[in-house]
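K.L.:
I'd like to ask you about the structure that follows.
Any read-out appearing in this document is the output of simple, stated calculations on the displayed coordinates, not a laboratory observation. Since the model is a prediction, treat every value here as computed from it, not as a measurement. Counting neighbours? That spans all protein chains shown, and the Cβs are built from the backbone with ideal geometry, glycine included.
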Amino acid sequence: MRGERLDKLLARLGLGSRKEVARLVRSGQVQVEGQVVRDPAFHVPPGARLEVDGELLVLRCHHHILLHKPAGYVTSRREGPSVYALLEGFPTRDLSPVGRLDKDTEGLLLFTTDGELLHRLTHPRHKVEKRYLVHLERPATREDQEAFREGLVLEGTRLLPAELSWDQDPTRVELVLREGRFHQVKRMFQARGNRVLYLKRLSLGPLTLGDLPVGQARYLSQEEEEALYRVVGLFTDL
C-alpha cells in the first residue's frame, strides 16, 4: 500500500489547510520515521511514526472531539452561529454531533467520524446515560420523580425510565435519561406543568466535561475512547 500524501494527512489531522501544512513541511519541521521530510507530496507508509516539531502525532482511525458548548450556538452546519465555528483547528469535514443540544442549552457535546459509534450512542436500545443539570421555574416534586421513574408518556409514546434527583433545592435538579428525543427534557417538565429555565448536559455515558472551559474543545483521550466503545459493545483498535 502506497500510503497517504503527507500534506493531506497533516491537514486531515487538523494542523491547517493543505497550503499551510505544505509550508510546515517545507520548513523542515516534519519527520517521518525519524527522518526530516520536506516534500508535501511524500506518501506516508501505513503505521509510520510521524512527528511535528519533535511531538509525536497520533494517527487516528476516527476522530472523537468533546466540546463544552456555550449557550447561543446551534448544533447545525446550515444555521448560525454554529457549534462548528468553535471547532477551529479540528478536522470538521466528516464530524457529526452525537445528538443535538438546543441553542440555549449548554454542556457536553460530542462529535465523531465513526457512524456506527454515533448510531449506538444515540439509539435507545443501548440506553446510554445522559445527565443534565436543570433549573426549573417551580420546585420539582416526589410525584414528578415517580412519574419519570415509571416512564412518562409524551404524545402517546412511553419514554424510558428517567432518574430525577436534587439535594436541598428542588428547583435545581439533575435528570438522567437513557434516550434522546427532540426537546425531551423541556417537554418532560412541560408535561408535568413546569418550565425549564436553564439546561446543561453534564455527561454522556462515561464522558464528563471535567475542567474543559466553556467554548473549548479537545480530543478524547485513549482511555475515554475505549470506555465509549465499551459502553455500546464495540471493541476496536483505536
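K.L.:
Along the positive direction of the dipole of region 129-204 (beta-carbon charges: Lys, Arg +1; Asp, Glu -1; about the Cα centre), which of ALA140, LEU199, LEU160 reaches farthest?
P.N.:
Positive-end residue among those listed: LEU199.
K.L.:
In Å and from the alpha-carbon atoms only, list the Rg and Dmax of the chain.
P.N.:
Gyration radius and largest Cα-Cα distance of the chain: 21.4, 68 Å.
K.L.:
Within region 79-99, what residues put their amide N at less than 12 Å from the label point 7 Å along the Cα-to-Cβ vector of VAL52?
P.N.:
Once the point is set 7 Å along Cα→Cβ of VAL52, 89-91 turn out to lie under 12 Å by backbone N, inside region 79-99.
K.L.:
Using unit Cβ charges (K, R positive; D, E negative) and no other charged atoms, how large, in debye to the nearest 20, is the dipole of the chain about its Cα centre?
P.N.:
Value, rounded to 20: 760 debye.
K.L.:
Eigenvalues of the Cα gyration tensor times 5, then square-rooted: what semi-axes does that give for region 32-80, in whole angstrom, largest first?
P.N.:
35, 13, 11
K.L.:
What are the ³J(HN,Hα) values, in whole Hz, obtained from phi via the Karplus relation 6.51 cos²θ - 1.76 cosθ + 1.60 with θ = phi - 60°, for each residue of region 197-213 in sequence order, with x given for Gly and Pro?
P.N.:
9, 8, 9, 9, 7, 9, 7, 9, x, x, 8, 10, 6, x, 9, 5, x
K.L.:
Also, I was wondering about something else. Of the cross-linked pairs LYS8/LYS103; LYS69/LYS127; LYS8/LYS69; LYS103/LYS127; LYS8/LYS130; LYS127/LYS186, which ones have a Cα-Cα span greater than 27 Å in the structure shown?
P.N.:
Those over the limit are LYS8/LYS103; LYS8/LYS69; LYS8/LYS130.
K.L.:
How compact and how long is region 129-204, expressed as Rg and Dmax of its alpha-carbon atoms in Å?
P.N.:
Here Rg and the maximum Cα pair distance are 11.1, 33 Å.
K.L.:
A follow-up question, please. D for region 4-56, whole µm²/s, Stokes-Einstein with Kirkwood Rh over alpha-carbon pairs at 4 °C and 1.567 mPa s: what number?
P.N.:
Numbers: Rh = 10.5 Å.
It diffuses with D of about 123 µm²/s by this estimate.
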